[in-house]
Amino acid sequence: MTTFNTKHPIPADGRKLNVCAYARVSSDKDLAEMSLETQIQFYTTEILKRDDWEYCGVYADEGITGTSIANRENFIKMVNKALHGFIDIILVKSISRFGRNITDVISAINELRKNGVEVYFEKENISTLDNSSTIALNLYAKLAEQEAKNVSENVLWSVEKRMKKGRYRIPVEEMLGYAYDGDNLVIIEQEAKVVREIFDMYVEGLSISYIAKEMEKRGYKTGMGKTQWGNKSVTTILCNEKYVGDCLLHKTMQKHMSSRTQIVNRGEKD
């Protein structure tokens, strides 16, 4: 049996402790270390082994960054349940799985601790109910945040190096007319026909709304694969410089790494 050195006191009424686990993967590196399915299976088995624990599920977020809790639906749901008294202990593989933003991590832990909820980090062997854990938690959370920052900076560096060499890879999954054949960008003639018709109609002086209705009437699908066309669907195509042979990168930039907010690039970046 795996040893979890949890510190939660036994309830005075003798009831079982309500225990859940939290799991998250957001990258290929995470998947290589331990898949989401493996984490869920592991914690489900371990919690059910304990006679003094009541299984309260495994909350999991897949493909979600740890630098912000804003989009982690199941994390938020779990914390809310804990704050309302339905969970006593939360098991987590490591602090980096719990979050990579030190402000979010410490804030969530303090809120849970104030309500008597314990978070136990298996890898670091840290219980948030241990009075000596505060310094260690801050240190590990800071390291997790720095690791995420380093990964982000490395990705941005590689993108910028490719840009300077004139190399690019555009997101064609939701874009009409283009696809990749290996490393080469190719034209999909059936879709390109739709794009050309849109440009021709606009040059003739037809309105955006008229073109959108005409696309629907002709049974064409948008880049998202929908049969319903809106004004934005048409405008996005007309304003996309890639249809005239250009590729403009860094149109938007990340405001802060922790918030992941994208803002319009007004010249701050090349």
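Read the figures in this text as sums done on the coordinates, not as results from a lab. Keep in mind the model is a prediction, meaning the values are calculated, not measured. For neighbour counting, all protein chains shown are included, and Cβ atoms are generated from backbone atoms with ideal geometry for every residue, glycine included.
The gain in end-to-end length when the Lys7 to Arg218 segment is fully stretched comes to 69.3 nm, 0.36 nm per residue minus the alpha carbon separation. Applying Stokes-Einstein at 4 °C and 1.567 mPa s to the Kirkwood radius of segment 166-211, computed over alpha-carbon pairs, gives a translational diffusion coefficient of 107 µm² s⁻¹. Computed from the alpha carbon positions, the gyration tensor of segment 86-133 leads to an equivalent ellipsoid with semi-axes of 15, 13, 10 Å, biggest first. Full extension of the chain between Thr252 and Ala192 yields a length gain of 19.0 nm, computed as 0.36 nm times the residue separation minus the alpha carbon distance. Selection among Thr45, Asn71, Leu83 by position relative to the dipole of segment 43-91 gives Asn71 as farthest towards the positive end (Cβ unit charges, Cα centre). The alpha-carbon of Lys269 sits under 21 angstrom from the alpha-carbons of these lysines, leaving out residues fewer than 8 places away in its chain: Lys149, Lys161, Lys164, Lys165, Lys242, Lys251, Lys255. Please list the non-local residues whose amide H lies under 5 Å from the amide H of Ala179, H modeled 1.01 Å from N, same-chain partners needing a gap of 5 or more. HN-HN under 5 Å from Ala179: Val186, Ile188. The P(r) of segment 159-270 has a tail past 18 Å containing 58 percent of all C-alpha pairs. In terms of the mean number of neighbouring beta-carbon atoms within 10 Å, the peptides 78-88, 14-24, 231-241 order highest first as 14-24, 78-88, 231-241. For segment 235-243, backbone phi angles converted through the Karplus equation (6.51, -1.76, 1.60; θ = phi - 60°) give residue-by-residue couplings of 4, 4, 5, 5, 9, 8, 5, 5, 6 Hz, Gly and Pro being listed as x.
Computed over every Cα-Cα pair of segment 54-137 and binned at 5 Å starting from 0, the pair-distance distribution P(r) comes out as 3, 14, 28, 30, 19, 6, 1 percent.
Here the extension length gained between Asp51 and Arg113 equals 19.9 nm, from 0.36 nm per residue of separation less the Cα-Cα distance.
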